[in-house]
Every structure is written in structure tokens, then in C-alpha cells.
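Participant: Before we start, here is the structure in question, set down as C-alpha cells.
The values are calculated or read from the model by the stated rules, or taken from the named source; none is laboratory data. All figures in this text were calculated on a predicted structure; none of them were measured in a lab. Cβ atoms come from the backbone with ideal geometry, glycine included; neighbour counts cover every protein chain shown.
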Amino acid sequence: MKEKVAIITGGASGIGYAIAQSFAREGTNIVIADLNASAGESAAAQLGQAGVRSKFVKADISQPGDVQRLAASAVQEFGRIDILVNNAGLQHVAPITEFSEERWNCLIGVILTGAFLCCKYVLPHMIRQKWGRIVNIASTQAKVGTPFKVGYVAAKHGLLGLTKVVALEVAEHNITCNAICPAFARTQLVEKQIADNARTHGISAEEVVEKLFVGPSAIKRLLEPDEIAGLVQYLCSDKAAGITGAALDIDLGWTAR
């Protein structure tokens, strides 16, 4: 991992930043892509203090021009791209009959189209160097349905299909592509989901956590972002060279039922 170059979308906070920190500890150079410029600049600066080179690029990954600029900026700065972590995401909670087309398009655009565009414009660099690792941060909800989250669930299910196709197309170039399906992790996005679900279901925040977030799991807690980062790091290592096209659960036993 030392001296390799990783692009992490949505890397300014939460799971994305935990992944960036994990890579930095191994000496990996980091490119953070995010819409939040202040958080992105701050995250890149903190990673730089860890002794690795880091760069922030403000990008809306649902837009082809922004993704092309992101890839070009990474190559200009570091000369290569070894790792892509498609982590950027957002959430919207509403019944289908009240789920606006605008929010649907936004979720599909960032989570699914964004991952496609990042793969499309990063893969030529990986193919040229005959090595690469792509990890898509999916969700337990890429495998099961959840009421009131039609945009998120549809996008995450699609992300698993994208993962399989990419894995099949680039295997001959020593490139792997895998997805990780985590349960709810302790992040700002989840905190917002707790509030949204409490409002939608008419129950307290405590009841949301107990019944909807950890209720279906065998292990009754939220994941820590570092746990997800550890699995990403493993998938990007040479030890995981034989794993591709997979959707690995780190879901506290959610889908074991």
C-alpha cells in the first residue's frame, strides 16, 4: 500500500474519512473527492500531517466533467491511480407516493451513476499500469428492501450489478472490483437518518435505533467506521488478489436470517 494512490469519493467525513485515515497509516497517498470544500480541505490537511501526500478535489461525481477533472487532477499530482473507493452517498426517507423525482434522480446520480463515471474515467489508468483495486461501498440495503428508502435501496442494488460487470471486464488486467455491504455505521449520515425515520414513522429516535437500525441484526450495535475501513484496506491489498466481483457483508448478522 505504501506510495500507492487512492481516490476516495465522499472522503471528507464519516466512512470515507475513516478509509482515508486507514490508507494514510499504510503510507498511501490520498485524493479526497467531496462537495464540501471546507471539510475536504481540512481532511486533506490532516492526512498530510500523517506524513503522506494528500489532495482535495471538489467534485460532483454525478457530473461527467467533474469526474474527468478528478481523475486528471489525481494523475497530474501523483502520476498514477491505483485505488478507487466509491463511497459518496446520501439518503432521503419518504413514502414512494411522496418521493420526489428530483430526490430520486439525485440519489441515483450520486450513488450509482457517480460510481459508474468514476470507474469509467479511472479504469484506463489502472489498465495501463496492469494493476488496480476498486471498492464500492454498498449497504446491507443493497441486498434487502427497506420501506421509505426507494431511491437509496434501488441505487445500492444497482451498485452490486455494476461491481460484477466491472470485475468481469477488467480481471485480465490484474484489477479487482468488489463491494462492501455494511450495516448502519456511526456517522453523521446515520444520525440524520435516525431523525428522518423518527419523523416518518412517528416514533422516538431511541425507538428508531432499537427497532429499525439494530433490531434486525444479531449483534445489537452500530458499526464503527474503522471496521469498514479495515475491510476496504484488506480488499486493496495483494492478499485479496483472488477476490473480485464479490459483495462482502459486514452487517452484524443482519442478512443471516
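Participant: Output the number of residues of the stretch 228-245 satisfying the condition of being under 20 Å from G27 (Cβ atoms) and touching a Pro at 6+ places or on another chain (Cβ under 9 Å). Steps first, answer last, please.
Facilitator: Just the residues of the stretch 228-245 that are under 20 Å from G27 (Cβ atoms), to begin with: 229-241.
Cutting the leftovers down to touching a Pro at 6+ places or on another chain (Cβ under 9 Å) gives us 231.
The qualifying residues number 1.
Participant: Got at least one residue in the stretch 120-136 being under 18 Å from the mean Cα position of the chain (by Cα), assigned to a helix (DSSP H, G or I), modelled with pLDDT of 95 or more and among the small types (G, A, S)?
Facilitator: no
Participant: Now for a separate question. Looking only at the stretch 188-228, count every residue that is farther than 30 Å from A241 by Cβ and either modelled with pLDDT of 95 or more or in a loop (DSSP other than H, G, I, E, B) (or both) and tell me the total.
Facilitator: 11
Participant: A further question on this structure: Against the definition (within 15 Å of I8 (Cα to Cα), out of contact with any Gly (no Cβ under 9 Å at 6 or more places or on another chain) and not aromatic (F, W, Y)), how does V75 come out, yes or no?
Facilitator: So V75 passes the test.
Participant: Let me ask something else about it. Any residue at all in the stretch 100-116 that is farther than 28 Å from R186 by Cβ and of a type in the set (A, V, I, L, M, F, W, C)?
Facilitator: Narrowing the stretch 100-116 to residues farther than 28 Å from R186 by Cβ: 100-102, 105, 116.
So of that shortlist, the ones also of a type in the set (A, V, I, L, M, F, W, C) come out as 116.
Checked against the condition, which is being farther than 28 Å from R186 by Cβ and of a type in the set (A, V, I, L, M, F, W, C), the stretch 100-116 yields at least one hit.
Participant: For the stretch 92-114, how many residues are surrounded by 18 or more Cβ atoms within 10 Å (Cβ to Cβ) and in contact (Cβ under 8 Å) with a residue 60 or more places away in the chain?
Facilitator: The qualifying residues number 3.
Participant: Next question. Limited to the stretch 229-257, what total is found for residues that are within 17 Å of the chain's Cα centre (by Cα) and either assigned to a helix (DSSP H, G or I) or at negative phi (or both)?
Facilitator: Here the count works out to 15.
Participant: From the list D196, D238, D226, which one is farther than 20 Å from K143 by Cβ, surrounded by fewer than 18 Cβ atoms within 10 Å (Cβ to Cβ), without any contact (Cβ under 8 Å) to a residue 40 or more places away in the chain and of a type in the set (D, E)?
Facilitator: D238
Participant: On the basis of being surrounded by 15 or more Cβ atoms within 10 Å (Cβ to Cβ) and in contact with a Cys (Cβ under 9 Å, 6 or more places away or on another chain), does I83 make the cut?
Facilitator: Here the answer is yes, as I83 does meet what is asked.
Participant: Checking G11 against (1) assigned to a loop (DSSP other than H, G, I, E, B); (2) over 21 Å from E224 (Cβ atoms), which test does it fail?
Facilitator: Here G11 clears every test but (2).
Participant: Something else now. What pairs come up if the first residue lies in the stretch 140-168 and is among the aromatic types (F, W, Y), the second is assigned to a helix (DSSP H, G or I), and their beta carbons are under 9 Å apart, counting only those six or more places apart or on different chains?
Facilitator: What qualifies is F148/I96; F148/D196; F148/N197; F148/T200; F148/H201; Y152/L107; Y152/I111; Y152/Q141.
Participant: Filter the stretch 21-62 down to the residues that are assigned to a helix (DSSP H, G or I) and crowded, with 23+ Cβ neighbours inside 10 Å and list them by number.
Facilitator: F23, G40, A43, L47
Participant: Okay, next question. Which residues, counting only those in the stretch 180-193, are in contact with an Asp or Glu (Cβ under 8 Å, 6 or more places away or on another chain) and either surrounded by fewer than 18 Cβ atoms within 10 Å (Cβ to Cβ) or acidic (D, E) (or both)?
Facilitator: The answer is R186, and nothing else.
Participant: Please tell me if A43 is over 20 Å from T113 (Cα atoms) and touching a helix residue (DSSP H, G or I) at 6+ places or on another chain (Cβ under 9 Å).
Facilitator: Details: over 20 Å from T113 (Cα atoms): yes; touching a helix residue (DSSP H, G or I) at 6+ places or on another chain (Cβ under 9 Å): yes.
Criteria met by A43.
Participant: Is there a residue being modelled with pLDDT of 95 or more, in contact with a Pro (Cβ under 9 Å, 6 or more places away or on another chain), hydroxyl-bearing (S, T, Y) and buried (at least 18 other Cβ atoms within 10 Å of the Cβ) anywhere in the stretch 147-167?
Facilitator: No, the stretch 147-167 has no match at all.
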